[in-house]
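Engineer: Here it is: the structure, laid out below.
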Amino acid sequence: MQVFPGVGVSPGRIIGSVRQMPKPVGEPAQGERLAESSTPDDASALLLTASKAVHAELKRRSEGAQGTGKAVLESTALMATDPLLIEGAVTLINAGTSAERAIWDSGASVAEMLHNLGGYMAERAADVLDVRARIVAELRGVPAPGIPHSDTPFILVGEDLAPADTATLDPSIVMGLVTSGGGPQSHTAIIARALGLPAVVAAVGVDELDDGTEVYVDGAAGTLTVGPGPAEVAAAEAWVALAATLAVFDGNGGTADGHPVPLLANVGGAADAVAAAEAGAQGVGLLRTEFCFLGRDTEPSVDEQVAAYRGVFDAFPGKKVVVRTLDAGADKPLPFVTDATEPNPALGVRGYRTDTSSPGVLERQLAAILAAAEFSAAEVWVMAPMIATAEEARRFAAQCAAAGLKTPGVMVEVPSAALTAEAILREVDFVSLGTNDLTQYAMAADRQLGPLAALNNPWQPAVLQLIRLTVVGARAEGHHTGQVKPVGVCGEAAADPALAVVLVGLGVSTLSMTARSLSAVHAVLSRVTLDQARELAQLALSASSATDARAAVRAHLPILEDLGL
Ligand code: PEP
Ligand code: MG
């Protein structure tokens with residue numbers, strides 16, 4: 001049996017057949033001309049046939065879809081034969097341009113025109129670019145870009161997924177995800193966990209597997225096995241039974257000896273919040289507000305923002321909801337605040353830093369948060385992302401106070417913030433450790449890169465030390481006032497049941513994670529006492545590598561293996 005090792009990022013054991021994610025459609029050469037053997041009429045006819053084929057395929061798919069997905073597919077199907085798009089291309093073909101280059105350029109001008117119109121029309125610009133890529137793929141006779149269409153479930157395999165692809169992922173058809181690239185903290189991994197899909201990243205070579213290959217995926221062990229045997233079949237069947245028992249969380253997180261550890265949810269909007277409340281989340285530890293507005297070219301109005309935030313607050317009456325202000329930049333660009341030409345966006349003007357480059361956006365967001373909070377019964381806290389200094393924390397707290405918002409806090413996701421946690425906590429009421437970025441910055445390893453997955457691991461001794469130092473800083477600050485301010489974790493580390501125990505042992509007060517992980521984290525945490533968690537934290541801290549730390553802790557938690565985690 002051929003085994004492809006990678007990094008497990010979402011547990012689960014499944015058997016299914018492979019479908020490869022088509023490679024992105026490359027841009028035709030600049031100024032590519034018609035072939036000698038072709039006439040403009042022939043090329044235009046080929047283009048029309050291709051655009052009609054794309055239209056028919058999207059129309060067919062829209063018939064099987066429902067709700068928003070159906071509407072999007074229907075309008076995209078119409079775009080494929082849009083007269084402006086096609087006539088623009090035919091004009092270029094008549095001037096001697098190749099069909100592929102002509103549709104590419106015509107698509108670019110239509111997209112730009114829509115973009116300039118603003119509002120709803122601007123949001124259709126991305127659909128034109130999608131349609132253009134589909135037509136080029138059709139002309140080349142290669143598979144259409146995006147997640148392959150299928151009526152039967154499959155395991156999606158590829159290099160990596162773009163955020164736009166993950167948004168269209170249907171978990172009733174895609175059984176699991178395995179990528180040759182991507183890191184454990186990448187958004188592909190985050191989405192897989194949110195959807196409860198077993199997933200493995202950084203499994204080198206899997207993108208060479210043929211479509212239809214029967215494979216076994218173990219999302220906890222981080223492996224893909226070709227040609228599963230009876231042992232793998234039994235493991236996959238056992239997982240189905242286990243998954244059912246794990247699906248319950250009673251809404252009371254804590255250790256076996258009754259030390260409470262509220263288990264909160266990370267959400268990106270109202271739908272997530274409703275699902276999280278149903279899964280027993282004790283509140284929201286991270287509302288990623290940028291997720292409400294990804295794909296937007298323009299700043300959402302205050303009214304739109306109020307509606308989006310209210311959708312989340314209303315799912316948690318009487319409970320804490322931590323709203324993070326826009327964290328645009330790097331892997332989450334938002335054209336109205338970030339600069340796409342920055343050479344090094346992860347270290348660029350992102351997160352709270354955009355308040356200086358785009359003044360007013362934060363002020364309007366804080367006003368919208370306040371308005372939404374006043375309408376709802378949730379206990380609203382606000383925090384800023386990418387804080388690096390105590391001065392920034394002080395400035396943010398002043399902005400919250402000016403806006404009339406209580407309980408300001410900041411993310412600790414830059415190593416400098418962890419090292420100065422005491423000073424930062426003098427300025428704000430709480431901090432939340434963003435272990436995804438904290439790991440990428442501590443290890444200088446881009447969280448999106450598969451080859452750096454081993455470095456990009458929150459079990460790394462340096463990352464555990466930074467978490468410990470943050471708690472030490474909070475305790476030192478609390479020493480002066482007699483009350484220690486909360487230190488939560490809202491990075492993906494909190495969703496790893498073994499690491500969650502270590503985090504509690506290190507002194508973290510709340511854990512926030514994708515709703516799907518609540519039951520697994522609860523199942524493990526509720527079986528250890530606070531003292532045991534502290535011992536396991538010491539064990540992890542004394543290990544000399546991420547692998548050793550994880551193995552040492554897991555060896556003391558046999559429940560993980562029993563639960564297939
Ligand atoms: C983090 O960095 O850990 C975090 C929670 O923020 P995001 O993943 O949205 O960057
Ligand atoms: Mg972050």
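The values are calculated or read from the model by the stated rules, or taken from the named source; none is laboratory data. Being a predicted model, the structure only gives us computed values, none of them experimental. Virtual Cβ from ideal backbone geometry, glycine too; neighbours counted across all protein chains shown. Please note that ligands, DNA and RNA were not included when accessible areas were found on the heavy atoms of the full protein model with its side chains. Shrake-Rupley method; radii C 1.70, N 1.55, O 1.52, S 1.80 Å.
Engineer: Using only the Cα atoms of region 249-562, what do you get for the radius of gyration and for Dmax, in Å?
Structural biologist: That works out to 18.5, 53 Å for Rg and Dmax.
Engineer: Please work out the average accessible area per residue across region 17-146, using the 1.4 Å probe convention, and give it in Å².
Structural biologist: 51 Å²
Engineer: Can you give me the convex hull volume of the Cα atoms of region 40-140, divided per residue and expressed in Å³?
Structural biologist: Enclosed volume per residue, from the Cα hull, is 75 Å³.
Engineer: Checking the a/c ratio against 1.5 first, then a/b against b/c, what shape does the Cα gyration tensor give for region 222-298?
Structural biologist: oblate
Engineer: At 1.4 Å probe size, with the rest of the protein present, what percent of the exposed accessible area of the chain is carbon and sulfur atoms?
Structural biologist: Reported share for carbon and sulfur atoms: 57 percent.
Engineer: Another one. How far, in degrees from 0 to 90, does helix 361-375 lean away from the longest principal axis of the Cα atoms of the chain, to the nearest 10?
Structural biologist: Helix 361-375 sits roughly 70 degrees off the main axis of the chain.
Engineer: Enumerate the whole-percent occupancy of each 20 Å bin, from 0 to the last occupied one, for all C-alpha pair distances of the chain.
Structural biologist: Using 20 Å bins, I get a P(r) of 20, 52, 25, 3, 0 for the chain.
Engineer: Probe of 1.4 angstrom, ligands and nucleic acids ignored: what's the accessible area per residue over region 415-565, in square angstrom?
Structural biologist: Here the per-residue accessible area is 36 Å².
Engineer: Relative contact order for region 40-140: what is it in percent, counting Cα pairs under 8 Å that are at least 6 residues apart?
Structural biologist: 31 percent
Engineer: Just need the Rg to Rh number for region 281-337, please, alpha carbons only, Kirkwood Rh.
Structural biologist: 1.00
Engineer: Which lysines, on any chain, are close to K320 with Cα under 23 Å apart, when same-chain ones fewer than 8 places away are left out?
Structural biologist: K406, K485
Engineer: Under 18 Å between alpha carbons, and skipping anything fewer than 8 positions from K59 in its own chain: which lysines qualify?
Structural biologist: Output for K59: K70.
Engineer: Also, quick follow-up: Based on alpha-carbon atoms only, what is the radius of gyration of region 307-454 relative to the globular estimate 2.2 N^0.38 Å?
Structural biologist: 1.06
Engineer: Same structure, new question: Given Cα pairs under 8 Å that are at least 6 residues apart, what percent is the relative contact order of the chain?
Structural biologist: Relative CO of the chain lands at 15 percent.
Engineer: What angle do you read, to the nearest 10 degrees and between 0 and 90, between the alpha-carbon axis of helix 83-94 and the longest principal axis of the chain?
Structural biologist: Helix 83-94 sits at roughly 60 degrees to that axis.
Engineer: Can you give the helix-only mean residue ellipticity at 222 nm for the chain, where every DSSP H stretch with n ≥ 4 adds -39500 (n - 2.57) and the sum goes over all residues, rounded to the nearest 500 deg cm²/dmol?
Structural biologist: -14500 deg cm²/dmol
Engineer: Across the Cα atoms of region 181-238, what radius of gyration and what greatest pairwise Cα-Cα distance (Dmax) are found, in Å?
Structural biologist: Cα only, region 181-238: 12.2, 34 Å (Rg, Dmax).
Engineer: Let me check I've understood the local charge: for I103, count other residues with C-beta under 14 angstrom from its C-beta, Lys and Arg +1, Asp and Glu -1. What total comes out?
Structural biologist: Neighbourhood net charge equals -3.
Engineer: If you don't mind, another one. For region 436-479, max minus min Cα coordinate along each principal axis, in Å, sorted largest first?
Structural biologist: In descending order, the Cα extents are 43, 15, 11 Å.
Engineer: Still on this structure: Test of understanding: express the Cα radius of gyration of region 108-227 as a ratio to 2.2 N^0.38 Å, with N the residue count.
Structural biologist: 1.22
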